[in-house]
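The values are calculated or read from the model by the stated rules, or taken from the named source; none is laboratory data. Keep in mind that this is a model prediction, so the values were computed, not measured. Methodologically, a virtual Cβ is constructed for each residue, glycine included, from the backbone with ideal geometry; neighbour enumeration extends over all protein chains shown.
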C-alpha cells in the first residue's frame, strides 16, 4: 500500500484490523474518540464487531470475555478511562489472556485536561490494577511507529498470552502523518494454537476451558504467581526495544525520552550539535521491559544524564535505577498538557554542562587552595 | 435390562458442591444442567460465574466456563457472545453481584438485547461475605449491616429487577420463579428452558430470577427458610413471566397521567405516543 496521510488514532485502528483484530469494545473519551469511531465504521466491512460499552469498566470486561475465546481483541481509551479498565486488566493478566489496550494519555490527575501528557507511565509499567502482574508496554513516537507497534502488539499478546499496552500521548493520537501498511508484513512472533485453552464450547476433545483468576489455595496461587513471573522474565530477556541516536560515541549529555517527547529531544540534539555540544539520545520503545542495560551503557559514555518527560518525573526513576549513581541524572518535565520545546531542552543541556563546568572549577580551586 | 430413570445431568461435573445444607443454589445448578442436556447444548455452552457464593460454579458446570469480576458477568458474556455468536452463553449471578455492583452491566446488557441468558439468584442477602444487606433484602429484614432491620428511609426499598428491566423497550424474555418446593422447581425448569430456547433461536436477551433461600445467613432451618420465602418474598417479588419478545413494548401507560394545562411546563410524552417527544404538545 502506498503512503497515506492518516491521523494517529485512525492509523491505530487500521493497524489493528490489518493485524486480524475483529472485535472492539470501548467507551468515548477525548482525545482518542477517532479510534472507536474508525472501528465502528471499518469493522463491519471486514466482518468484525464493534460494541460501544456502557463504561470503561464494562469495556474491559467485554474484552476479557472476547479474549477468552482466543480472538484478537482491542480496546482504547485515555487516562481516566484507563483507570476504570484496571479491574478488567488485572483479571485479563491473571487469566493469561491476550489483548491489546491503547492509552492515548491526557493530562491528569483526576479529570485533568484533554491535552497530551505522559503521566500514566507508573500506571502502565508498574502494575496499575491490583495484584502482581505486568503488561508489555510499547511507546510509539510517530504515527507510522504507532501503526507498526499496534500490529506487533497483537503478535506479542498472543505469544505471551498477556495484555499489551500501547502507550501514546495525545499528540500520537491527534497528529496526521504519512503511514504505510506493508502488505507482506510477517508476524513478529510465531502464531501459537489457541484451541487448547480458548473457551469455544467443550466437546470433550480437550480439558474444559476455565477462564479464571481465582486460586483459593495459597500454594497453588503462589505457583501461578511464579508462572506469571517466569513469563515476565522472558519478556525482560527477549523483548527490550529501544532506539539510540549518537550514543555509540562519547557525548556530553545523554537524553532519555520516549514518545513524541523524544522527537523534540532529537531536534534539540541536532541544534546542539551545530553548536558543538555532543548529545546522545536514547529512546525506550518498550517501557516494560525497560532498556536498563542500554541506558546504563549510554550513560557511561556521557558526563550527565537528562530525562525529559511530560510529567513531574516517572520514567526518571527507571533511568536512575539503570545509571545506579554513576552519573548525575537530571530531570526536565512539563505538565498539564504543556509541551517541552527543543529550545527549552537545549537550555537544560547547556545549564547541566555549565553547572558541571563550574563545579569542576570549584573543585580545582579548592585543590589549589589546599596545596 | 435396567432403565436409568434418574441420574446426574451430563452438564454437571461429578464434584460435590460447597453450598450450605438447605441452600437452593444446588437446585438451580441442576435445573440449568438439565435444560442444557435437554436442548443438547453442552458442547456449545459457555457459562460465566459471578463473585458471591457461586464463585466456583465453574467447577460444577461441565461446560467451558469463565469466572468474572464482581457484577461484570453480563459484560463478559457480551464479549463471549459477540466473539462467537454460535455459542450459548449464560451468566449465573446473585443479588449483590447483579442488582448492586453489577446494576450498570445488567441493564445495558439487556438494553443492547445481547442474546445471552442470565440466571439471577435472589436470596435477599449477601451469602459469601457473611449475611450483609443486599439490594433485595426485604424491609425490616435483619442482616449484619442492618442489625435493626432494613430501614427503607435510608436504604430504600428492595430492587425488583425483573420489573425494572421490563421497562426497557428492547425485546426480552423476563421471568421470576422460585425453587422452594418441588412443584415450583419443576415450573422453574420449564421457564428456564424457554429462556434458553429464545437464545438458541437468536431471538432476544433472557433473564430468569430465582427466589432462593439462605438458611445459614437467615438464621433458619431449611424448612423454615422455605416457609419464610413463601410468606415474605413471594408477596414482594411476584412470580411469573413479565416480558416476552412477542409481548407489548412497555407498560401500557403512567399510573397517574398528567392532565393538560397543569403547572408542568414541559408535558411528559404520553405512553404509546412516541411522536410527542421533545416537549411538543401535539394539539
Practice problem: Look at residue A:205 and say whether it is within 27 Å of residue B:58 (Cα to Cα), within 14 Å of chain B (Cβ to nearest Cβ), at pLDDT below 95 and surrounded by fewer than 23 Cβ atoms within 10 Å (Cβ to Cβ). | Solution: yes
Quiz item: Do we have residue A:101 as modelled with pLDDT of 95 or more, under 14 Å from the mean Cα position of the chain (by Cα) and assigned to a helix (DSSP H, G or I) here?
Solution: no
Quiz item: Of the residues A:343, A:355, A:317, which is more than 22 Å from the chain's Cα centre (by Cα) and either within 16 Å of residue A:122 (Cα to Cα) or modelled with pLDDT under 95 (or both)?
Solution: A:355
Quiz item: Say we look at segment B:109-125 and pick out the residues that are part of a helix (DSSP H, G or I) and touching a strand residue (DSSP E or B) at 6+ places or on another chain (Cβ under 8 Å); which of these is surrounded by the most Cβ atoms within 10 Å (Cβ to Cβ)?
Solution: B:109
Exercise. Determine whether segment B:213-225 contains at least one residue that is in contact (Cβ under 8 Å) with a residue 60 or more places away in the chain and under 18 Å from the mean Cα position of the chain (by Cα).
Key: yes
Self-check item: Options B:128, B:133: the member that is at negative phi and surrounded by fewer than 18 Cβ atoms within 10 Å (Cβ to Cβ)
Solution: B:128
Self-check item: Sole residue being in contact with a helix residue (DSSP H, G or I) (Cβ under 7 Å, 6 or more places away or on another chain) and closer than 30 Å to residue B:204 by Cα, chosen from B:167, B:134
Solution: B:134
Quiz item: Hey, residue B:182 hits all of (1) free of Cβ contacts under 8 Å to residues at least 60 places away in the same chain; (2) more than 18 Å from residue B:238 (Cβ to Cβ); (3) in contact with a strand residue (DSSP E or B) (Cβ under 9 Å, 6 or more places away or on another chain) but one; which does it fall short on?
Solution: (3)
Self-check item: Selection count, segment A:299-318, where residues are within 26 Å of residue A:166 (Cβ to Cβ) and not in a strand (DSSP E or B)
Solution: 9
Quiz item: In segment B:170-186, how many residues are part of a loop (DSSP other than H, G, I, E, B) and touching a helix residue (DSSP H, G or I) at 6+ places or on another chain (Cβ under 9 Å)?
Solution: 4
Quiz item: Scanning for something free of Cβ contacts under 8 Å to residues at least 40 places away in the same chain, in a loop (DSSP other than H, G, I, E, B) and within 14 Å of chain B (Cβ to nearest Cβ), does segment A:221-233 turn up at least one residue?
Solution: no
Quiz item: Which ones in segment B:230-268 are in contact with a helix residue (DSSP H, G or I) (Cβ under 9 Å, 6 or more places away or on another chain), within 16 Å of residue B:170 (Cβ to Cβ) and at pLDDT 65 or above?
Solution: B:242, B:243, B:244, B:245, B:250
Quiz item: Among B:79, B:71, which is the only one that is free of Cβ contacts under 8 Å to residues at least 60 places away in the same chain, surrounded by 22 or more Cβ atoms within 10 Å (Cβ to Cβ) and at positive phi?
Solution: B:71
Self-check item: Residues being more than 19 Å from residue A:85 (Cβ to Cβ), over 19 Å from the mean Cα position of the chain (by Cα) and away from every other protein chain (no Cβ under 14 Å) - total across segment A:15-34
Solution: 2
Quiz item: Going through segment A:273-298 one residue at a time, which ones are in a helix (DSSP H, G or I) and surrounded by 22 or more Cβ atoms within 10 Å (Cβ to Cβ)?
Solution: A:295, A:298
Quiz prompt | Subset of segment A:299-337 that is without any contact (Cβ under 8 Å) to a residue 12 or more places away in the chain and out of contact with any helix residue (DSSP H, G or I) (no Cβ under 9 Å at 6 or more places or on another chain) - its residue that is surrounded by the fewest Cβ atoms within 10 Å (Cβ to Cβ) | solution = A:325
Practice problem: Restricting attention to segment A:35-71, report how many residues are more than 13 Å from chain B (Cβ to nearest Cβ) and not in a helix (DSSP H, G or I). | Solution: 0
Exercise. Kindly indicate which of A:74, A:111 is modelled with pLDDT of 95 or more, surrounded by fewer than 20 Cβ atoms within 10 Å (Cβ to Cβ) and more than 10 Å from chain B (Cβ to nearest Cβ).
Key: A:111
Exercise. Taking the options B:17, B:24, name whichever one is surrounded by 24 or more Cβ atoms within 10 Å (Cβ to Cβ), in contact (Cβ under 8 Å) with a residue 40 or more places away in the chain and away from chain A (no Cβ under 12 Å).
Key: B:24
Quiz item: Which of the residues that make up segment A:72-98 are assigned to a helix (DSSP H, G or I) and under 19 Å from residue B:84 (Cα atoms)?
Solution: A:92
